[in-house]
Amino acid sequence: MRIAVLGLGFMGSTHLKAMRGIPGLELTAVFSSNERALAGDLSAIQGNVAGPGEKFDFTAVTKHRTIEALLEDPDIDAVDICLPTHLHSQVAVEALRAGKHVLVEKPIALDGKSADAMIAEAKKQNRVLMTAHVLRFFPMYQALRHAIANARLGCVRYAVFRRRCAAPAWSQWLKDPNQSGGGVFDLLIHDVDMCLHLFGPPESVSATGYEAIEAGIDVITCEMHYPGHGTVVVTGGWHHPKTYPFSMEYTVTTDQGTIEYSSQDRPPTLFRLDGTAELLPMADVDGYRSEIGYFAECCRTGARPVLCSPEDSAAALKLTRLMVEARNQNGEWIPCKL
């Protein structure tokens, strides 16, 4: 399958690295407004995952300087949209109308109406639309899903998902809520999507927190209420710029034990009711490569991306928006109607 990457910033370079070695996937074209990036020097882009002096070989790749020209390219079967969030919906719809399959970086869009329009267009054009919610493909989160699906652990009674980082200094558009949705929206939609994936939608949500984007602070603690089962907490956000370290973690308590993971110091571990502990089995795979490989396979076979459906991604967007709205209500419970 022939794919093009739109946007050669942080996520674009992450996806380019992951594409290497995926069977049957050919990088056909790229789009960027940065000439050095189009020459393969992605380290020129601030915050890029490309190391100093690292080059991408775009010798056999068509380099487009406008999105319109790329979408008119007949040698492209699918596009991987790694552009700022406010461009996702418009570019995705245009790509679908041009007959391309679409992988779009999360969030799927800035608002629910735009996400729903993308889904409708994908159905109309009979093309695959998938959002890159990579946590669904990360081994440490797949291990959690498999563990709680095991009936022997009983019901989930309490869960906490936490994700923190410095306010990004590598792209100014992320600091503009009109383009990114804000720090909490852009970052914690990962964990909101995982909660929907594992537990379904809550009955209501409540949240508190603080936002001072100009100072690099955008934080929240949200409680998702599941009557009869317990509370799921999503917490974290941006904690000042530059030096604050990234971390992601979860704690999930069931009738028969607690599962815990931290990116800083603890692999997924089950602490059983009888006092024993065991590491959860994990596949030795790269989550980004698995995600893009799964998308490519869906395009080749015409299958719906049920492991990461656009409907789920739209629901995650709407729930994350509701979470931010709940923060503005300072703890008031808000019914969840997605």
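For the chain, find the longest principal axis of its Cα atoms and tell me its angle to the long axis of helix 88-97, 0 to 90°, nearest 10. Taking Cα atoms only, the helix is inclined about 50 degrees. Taking all Cα pairs closer than 8 Å and separated by 6 or more residues, the relative contact order of the chain comes to 19 percent. At a probe radius of 1.4 angstrom, the accessible area of the chain per residue rounds to 43 square angstrom.
Rounded, prolate or oblate, given the Cα gyration tensor of region 1-148, with a/c below 1.5 counting as rounded? Taking the square roots of the gyration eigenvalues as a ≥ b ≥ c, region 1-148 is oblate. As an exercise, find the ratio Rg/Rh for region 139-265 from alpha-carbon atoms, using the Kirkwood inverse-distance average for Rh. For region 139-265, the value is 1.01. The trypsin sites (Lys or Arg not before Pro) of region 4-113 that DSSP puts in a loop, and whose beta carbon has at most 16 other beta carbons within 10 Å, are ARG20, LYS55, ARG65.
In a DSSP loop and with at most 11 other Cβ atoms within 10 Å, the trypsin sites (Lys or Arg not before Pro) in region 199-298 are LYS242. Would you mind classifying the chain by shape? Square roots of the alpha carbon gyration tensor eigenvalues, ordered a ≥ b ≥ c; an a/c under 1.5 is rounded, otherwise it is prolate if a/b is larger than b/c and oblate if not. Taking the square roots of the gyration eigenvalues as a ≥ b ≥ c, the chain is prolate. Using a simple spin-label model with pseudo-atoms 7 Å out from Cα toward Cβ, ALA149 and HIS240 lie 4.2 nm apart. When DSSP assigns beta bridges and you keep just the ones with both residues in the chain, what percent turn out antiparallel, to the nearest 5? The antiparallel proportion sits near 60 percent. Taking all Cα pairs closer than 8 Å and separated by 6 or more residues, the relative contact order of region 250-328 comes to 12 percent.
Quick check: at a probe of 1.4 Å, how many percent of the accessible area of the chain sits on carbon and sulfur atoms? So the carbon and sulfur contribution to the accessible surface is 51 percent. Look at where the Cα atoms of region 66-82 and of region 232-259 average out, and the two centres are 37 Å apart. The angle between the Cα long axis of helix 183-199 and the main principal axis of the chain comes to about 60°, on a 0 to 90 degree scale.
The values are calculated or read from the model by the stated rules, or taken from the named source; none is laboratory data. This structure is a prediction, so every number in the text was calculated from the model and none was measured. For neighbour counting, all protein chains shown are included, and Cβ atoms are generated from backbone atoms with ideal geometry for every residue, glycine included. Note: areas computed on protein heavy atoms with side chains; ligands, DNA, RNA excluded. Shrake-Rupley method; radii C 1.70, N 1.55, O 1.52, S 1.80 Å.
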